[in-house]
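What follows is one structure encoded as structure tokens, with my remarks underneath.
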Amino acid sequence: MIDVFDIERFATHDGPGIRSVVFMKGCPLHCPWCSNPESQSLKPILMHDSRKCVQCRKCMSLCPANAITFDPHFSANQTKCNHCGICIDACMHDALHLAGRKMSNTEIIHEIEKDDDYYRESCGGITISGGEPFLQQKALLSLLKALKKKSYHTAVETTGFCDSTVFENALSLIDLLLFDLKTLNRSKYASIGADIDVILHNLQIALHHADTEVILRTPVIPGFNDDAESLLDILDFGNQIHVHTMHFLPYHIMGKGKYEQMGRSYAMPEQSIDSASLNQYIPKAEALGIHLIIGG
Ligand code: SF4
Ligand code: SF4
């Protein structure tokens, strides 16, 4: 079984053609800008939409784990919550949902094969994202094998921070690797819980695997790597390792509402980076022979 928090249909930015994206739960990193904060924990997370809630407190009175309080506003203790779903069923206003559920390969394939015609006509396929998909390494390998049995084009989005042996074994099942390179700075990677040596080692493994295409992706984050020196260094690095395509993904605040739904504070600036401001890097990348796409 796989811990999944979403399956997005008709995605067009996570690999070629029209795709379904399977979002797996769990991540070893803790990036404060994460636009899917509900992915970080392997466990399901109770999400509460305050815009829909009428404060009737029915959820609180029915919760068998005493996980819900009003103080005076709704608050859920995610540690106490046993994910029984009683509060969700009880809420007449659809204000609650659990982010995360266990799915079998069969259930996932049943969902994604609804769009087989679209994948075929657009040369699309299936992308597995997260979280960090390699955190559930056995489940990931099993799903990739099941997808390949059905001849789907497979893409995996990864931080690269994972067990190198498992990573190498998975490559024969992956057509496209969307490999995150957030920075070349060791201490910045350490500040979000990752070891740059592991990431660069895995990147080298991927680049030596002839049958897997590698696209380097850099989320451009205010105060972390959005200065010209950092971004030019990353382009130079891409050139040194002979990567043909790179993506700069401008920071956006679309995930902010999820932090609120989880009862977490949002620690990042409240303004997205204007993607047009990154266009200046396209000719610099072209001069290095790199096809740079802003926004992926
Ligand atoms: S049951 Fe729903 S509407 Fe009522 S307090 Fe709970 S979340 Fe809000
Ligand atoms: S899912 Fe169950 S345990 Fe968790 S808050 Fe709702 S009623 Fe309580």
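The values are calculated or read from the model by the stated rules, or taken from the named source; none is laboratory data. If you're wondering where the values come from, they're calculated on a predicted model, not measured in any experiment. FYI the Cβ positions are ideal-geometry reconstructions off the backbone, even for glycines, and counts take in every protein chain you see.
Points worth noting:
- Considering residues of the stretch 101-112 that are touching a residue at least 12 places away in the same chain (Cβ under 8 Å) and surrounded by 14 or more Cβ atoms within 10 Å (Cβ to Cβ) only, the residue nearest to ligand 1 (Cβ to nearest atom): 101
- Exclusive hit being among the basic types (Lys, Arg), closer than 24 Å to residue 266 by Cα and either within 16 Å of ligand 1 (Cβ to nearest atom) or loosely packed, with under 13 Cβ neighbours inside 10 Å (or both), set 51, 57: 51
- Flag for residue 183 being in contact (Cβ under 8 Å) with a residue 12 or more places away in the chain, surrounded by 14 or more Cβ atoms within 10 Å (Cβ to Cβ) and in a strand (DSSP E or B): no
- Remark: residue 81 matches the filter, which requires a residue to be more than 7 Å from ligand 1 (Cβ to nearest atom), at pLDDT 95 or above, in contact with a strand residue (DSSP E or B) (Cβ under 8 Å, 6 or more places away or on another chain) and at negative phi.
- Taking the stretch 85-100 as the range and being surrounded by fewer than 17 Cβ atoms within 10 Å (Cβ to Cβ), within 19 Å of residue 6 (Cβ to Cβ) and near ligand 1 (Cβ under 9 Å from one of its atoms) as the test, the residues that pass are 88, 94.
- Here residue 72 fits the description: over 30 Å from residue 212 (Cβ atoms) and more than 16 Å from ligand 2 (Cβ to nearest atom).
- Going through (1) out of contact with any strand residue (DSSP E or B) (no Cβ under 9 Å at 6 or more places or on another chain); (2) more than 13 Å from ligand 1 (Cβ to nearest atom) one by one, residue 72 falls short only on (2).
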